[in-house]
Amino acid sequence: MEQVIQLEKVNKWFDDFHVLKDIDLKVERGQKIVICGPSGSGKSTMIRCINRLEAHQKGHIVVHGTELTNDLKNIDMIRKNVGMVFQQFNLFPHLSVIDNISLAPIWVKKLPKKEAENIAMTYLEKVKIPEQAQKFPGQLSGGQQQRVAIARSLAMNPDIMLFDEPTSALDPEMIKEVLDVMIQLAEEGMTMLVVTHEMGFAKTVADQMIFMDEGKIVEQATPDEFFNNPKSDRTKLFLSQILNH
Amino acid sequence: MINDMSPYLNSNKIFIWSKKNLFSSWINSIMTIIALIFIYKVGTFFLNWAIFEADFITNFRGEIITDRTFCSKNIEVGQHGACWSIIFVRFHQFMYGFYPVEEAWRVNVIYALLPLALIGILFDKLPFRKIFIYFTFAFPFIAYFMLYGGPGLSVVATNKWGGLLVTLFLGVTGIALAFPLSIFLALGRRSNMPIVKSICVVFIEFIRGVPLITLLFTANVMLPLFLPEGVKPDNLLRALVAVTLFQSAYMAEAIRGGLQAIPRGQIEAAQSLGLNYWQTTRKIILPQALKIAIPPIVNTCIGLFKDTSLVLIIGLFDLLGIGRAALSDITWTKLYYEVYVFVSLIFFIFCFGMSRYSLYLEKKLKTDN
Ligand SMILES: Nc1ncnc2c1ncn2[C@@H]1O[C@H](COP(=O)(O)OP(=O)(O)OP(=O)(O)O)[C@@H](O)[C@H]1O
Ligand SMILES: [Mg+2]
């Protein structure tokens with residue numbers, strides 16, 4: 001299988017706080033990886049290093065054969081192929097839904113406006129809210145906003161998608177509509193790295209589960225093994241806490 | 001509903017309102033009465049002076065006033081009213097300075113077009129806004145041609161400009177030039193590049209730490225040193241440079257406030273989509289930051305507009321300078337109140353307009369969110 005992401009002994013510090021410690025991770029094309037772990041364990045930081053929203057200080061990160069360094073050209077290239085969905089949606093409040101989605105195709109891919117808007121509409125249909133195209137983000141529910149954010153990322157036609165707790169800012173009744181979109185995306189073969197504590201979702205789509213604690217990958221296993229037969233005590237403790245929750 | 005409209009209930013409402021707000025206690029009632037007496041006294045005194053007992057074209061004997069000795073108050077002891085003739089006689093100077101009388105229509109055209117050039121940038125929901133904005137960008141060239149001259153129009157050197165023309169020229173041009181400069185300063189101050197950042201910080205802090213008068217003097221003395229021998233930059237241009245730099249530093253700080261209010265997530269979302277620094281800045285950050293920063297920006301503009309009157313110390317005749325020149329004319333001397341009240345009134349009209357606009361924007365921002 002073709003490897004699309006490689007992390008090799010990645011280390012990162014915030015000043016003198018050691019957030020990521022010797023992270024090793026390989027992701028193959030089409031793989032779905034779900035990352036969990038206690039708050040502050042470095043999950044967000046790790047996936048944000050993959051599209052260089054954070055810079056690592058030691059080790060290597062290679063995406064599609066291109067190593068992430070300070071070289072802006074490489075960073076631009078990788079960001080075009082890696083989409084990201086945030087916990088807080090981060091839609092652009094001054095732009096309508098359709099402008100939010102067509103912005104990057106117009107400015108980054110240099111597509112004509114008309115074509116970019118057609119693409120935007122295609123993805124809005126995919127996330128099942130084409131009728132909201134002309135509204136502004138502030139007029140949508142949380143679940144709708146997050147689906148727009150997913151459509152916005154997809155409109156750049158990335159082959160890897162990063163999700164950082166996409167449902168944890170949502171009211172419970174809206175979580176399913178967002179997870180459904182993500183499940184559909186997984187079925188279509190997208191490579192996905194998802195930080196989430198939605199264990200039902202993890203069991204449905206994950207090829208690999210990763211448990212992080214204190215900046216390290218403590219355990220990596222298939223969902224079957226991970227949930228039924230975890231090796232580390234910390235994983236067991238964590239699972240008992242969130243599954244009983 | 002019907003009852004609400006009856007005059008009886010309306011006056012009753014006023015009664016209830018004033019009872020609640022003005023006469024709620026003994027102390028409050030006394031303060032209200034003292035304040036009313038004070039307002040009445042000052043108000044009647046001023047109105048009598050400025051209007052009812054004032055001379056406009058003629059004095060109380062019906063003679064046309066041609067110099068100060070014809071003012072009623074200078075003829076008879078009991079007369080106190082203002083003598084506005086000085087304003088009428090020198091009206092041309094107040095509006096245009098020493099601009100040739102037969103060319104003054106050119107300035108009038110620009111005065112008339114100025115609101116049209118501003119309206120497009122002031123109101124974002126204006127119908128046909130695009131057309132107005134195009135006009136805004138064409139306006140500086142039209143104004144230059146009309147005011148200074150060129151093919152088909154005689155040249156009027158800037159040392160002939162004065163009065164409201166100089167005040168508006170420095171205010172409007174200074175603000176217009178300072179705006180783009182201040183955006184770069186504000187962005188530069190937040191830049192990751194140490195050299196860019198320190199240049200911007202030093203510039204902003206230096207300008208903000210120095211009175212405008214000093215800048216005006218400096219521009220007056222220093223600017224010729226940067227120009228080739230023999231080229232004498234004109235005084236108005238020197239003042240414009242000083243005013244622009246001064247304004248850009250204050251505006252930059254107002255804009256920086258707006259930039260700080262944009263959540264980090266906005267930048268990250270733009271970056272993760274592959275937008276580069278300038279695209280992120282232009283499409284995502286500035287539209288949001290400037291909207292927030294407009295009210296404080298307008299406040300700095302009000303400050304600048306008034307500060308332009310300082311240019312009289314480097315020998316330019318702005319509105320205030322023209323007023324002082326009028327007072328030093330022996331045929332009109334000593335009519336201080338008339339001149340200063342008139343000059344203040346003009347400044348007040350413009351500054352009050354900007355202030356109301358800023359309030360309107362604040363309200364609009366609140367309802368927009
Ligand atoms: N910009 C930053 N500067 C300094 N410290 C930071 C910064 N961002 C994160 N940290 C710290 O790094 C640690 C890891 O943060 P991270 O956000 O990666 O954790 P997380 O596993 O995603 O946690 P959560 O589940 O709460 O989102 C935390 O202790 C956090 O306080
Ligand atoms: Mg996190």
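The values are calculated or read from the model by the stated rules, or taken from the named source; none is laboratory data. This structure is a prediction, so every number in the text was calculated from the model and none was measured. Cβ sites come from the backbone with ideal geometry, for glycine too, and all protein chains shown count toward neighbours.
Here are some notes:
- Taken together, B:121, B:86, B:133, B:110 contain a single residue that is buried (at least 17 other Cβ atoms within 10 Å of the Cβ) and either modelled with pLDDT of 95 or more or under 23 Å from residue B:294 (Cα atoms) (or both), which is B:110.
- Any hit, the range A:114-132, residues being within 16 Å of ligand 1 (Cβ to nearest atom) and within 19 Å of residue B:274 (Cα to Cα): no
- Of note, residue A:47 satisfies the criterion of being in a helix (DSSP H, G or I), in contact (Cβ under 8 Å) with a residue 40 or more places away in the chain and either more than 8 Å from chain B (Cβ to nearest Cβ) or within 16 Å of ligand 1 (Cβ to nearest atom) (or both).
- Scanning the range A:142-164 for residues that are under 20 Å from residue A:198 (Cα atoms) and not aliphatic (A, V, I, L, M), we see that the one that is farthest from ligand 1 (Cβ to nearest atom) is A:144.
- Qualifying positions in the range A:165-178 - surrounded by fewer than 21 Cβ atoms within 10 Å (Cβ to Cβ) and either within 13 Å of ligand 1 (Cβ to nearest atom) or in a helix (DSSP H, G or I) (or both): A:165, A:168, A:169, A:172, A:173, A:174, A:175, A:176, A:177
- In the range A:137-163, the qualifying residues are those that are more than 13 Å from chain B (Cβ to nearest Cβ) and not hydroxyl-bearing (Ser, Thr, Tyr), and the one that is nearest to ligand 2 (Cβ to nearest atom) is A:142.
- For first residues located in the range B:273-295 and at the interface with another protein chain (Cβ under 9 Å from one of its Cβ atoms) and free of Cβ contacts under 8 Å to residues at least 60 places away in the same chain, partners that are of a type in the set (Val, Ile, Thr) and part of a helix (DSSP H, G or I) and lie 6+ apart or on another chain with Cβ distances below 8 Å form the pairs B:275/B:284; B:284/B:267.
- In the range A:179-227, the residues that are part of a strand (DSSP E or B), buried (at least 21 other Cβ atoms within 10 Å of the Cβ) and within 16 Å of ligand 2 (Cβ to nearest atom): A:193, A:194, A:195, A:210, A:211, A:212, A:217
- Tally of residues being more than 14 Å from chain B (Cβ to nearest Cβ) and away from ligand 1 (no atom under 14 Å from the Cβ) across the range A:50-63: 5
- Selected residue (criterion: nearest to the chain's Cα centre (by Cα)) from residues of the range A:164-174 that are within 16 Å of ligand 2 (Cβ to nearest atom) and without any contact (Cβ under 8 Å) to a residue 40 or more places away in the chain: A:167
- When the range B:163-195 is filtered for residues that are touching a residue at least 24 places away in the same chain (Cβ under 8 Å) and outside any helix (DSSP H, G or I), the ones remaining, listed by number, are B:163, B:190.
- Looking across the range B:146-162, the residues that are assigned to a helix (DSSP H, G or I) and either touching a Lys or Arg at 6+ places or on another chain (Cβ under 9 Å) or of a type in the set (Asp, Glu) (or both) come down to B:146, B:147.
- Residue within the range A:85-97 that is in contact (Cβ under 8 Å) with a residue 60 or more places away in the chain, surrounded by fewer than 20 Cβ atoms within 10 Å (Cβ to Cβ), more than 10 Å from every other protein chain (Cβ to nearest Cβ) and within 14 Å of ligand 1 (Cβ to nearest atom) present: no
- Neighbours by Cβ (under 6 Å, 6+ apart or cross-chain): first from the range A:185-213, within 14 Å of another protein chain (Cβ to nearest Cβ); second within 16 Å of ligand 2 (Cβ to nearest atom): A:193/A:33; A:193/A:47; A:193/A:162
- Only listed residue being part of a loop (DSSP other than H, G, I, E, B), more than 30 Å from residue A:227 (Cβ to Cβ), within 15 Å of the chain's Cα centre (by Cα) and without any contact (Cβ under 8 Å) to a residue 40 or more places away in the chain, chosen from A:79, A:52: A:52
- The single condition among (1) away from ligand 2 (no atom under 16 Å from the Cβ); (2) free of Cβ contacts under 8 Å to residues at least 24 places away in the same chain; (3) not charged (D, E, K, R) that residue A:39 does not satisfy is (1).
- Residue check for residue B:263: in the same structural domain as residue B:172 (by TED's automatic domain parsing) and at pLDDT below 95: no
Every residue, every condition in (1) at pLDDT 95 or above; (2) under 14 Å from the mean Cα position of the chain (by Cα); (3) buried (at least 17 other Cβ atoms within 10 Å of the Cβ); (4) farther than 25 Å from residue B:264 by Cβ, yes or no:
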position	(1), (2), (3), (4)
A:68	no, no, yes, no
A:73	no, no, no, no
A:101	yes, no, yes, no
A:116	yes, no, yes, yes
A:119	yes, no, yes, yes
A:123	yes, no, yes, yes
A:155	yes, no, yes, no
A:162	yes, yes, yes, no
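- Test: residue in the range A:114-131 that is farther than 28 Å from residue A:168 by Cβ, within 14 Å of another protein chain (Cβ to nearest Cβ), more than 16 Å from ligand 2 (Cβ to nearest atom) and free of Cβ contacts under 8 Å to residues at least 60 places away in the same chain: yes
- Residue identified as within 14 Å of chain A (Cβ to nearest Cβ), aliphatic (A, V, I, L, M) and loosely packed, with under 15 Cβ neighbours inside 10 Å among B:261, B:270: B:261
- Between B:94, B:38, B:15, B:60, the distinction of being surrounded by 12 or more Cβ atoms within 10 Å (Cβ to Cβ) and assigned to a helix (DSSP H, G or I) belongs to B:94 only.
- Of all residues in the range B:54-83 being of a type in the set (Asp, Glu) and within 34 Å of the chain's Cα centre (by Cα), the one that is modelled with the highest pLDDT: B:55
- When residue A:194 is tested against (1) farther than 12 Å from residue A:85 by Cβ; (2) within 16 Å of ligand 1 (Cβ to nearest atom), only condition (1) is not met.
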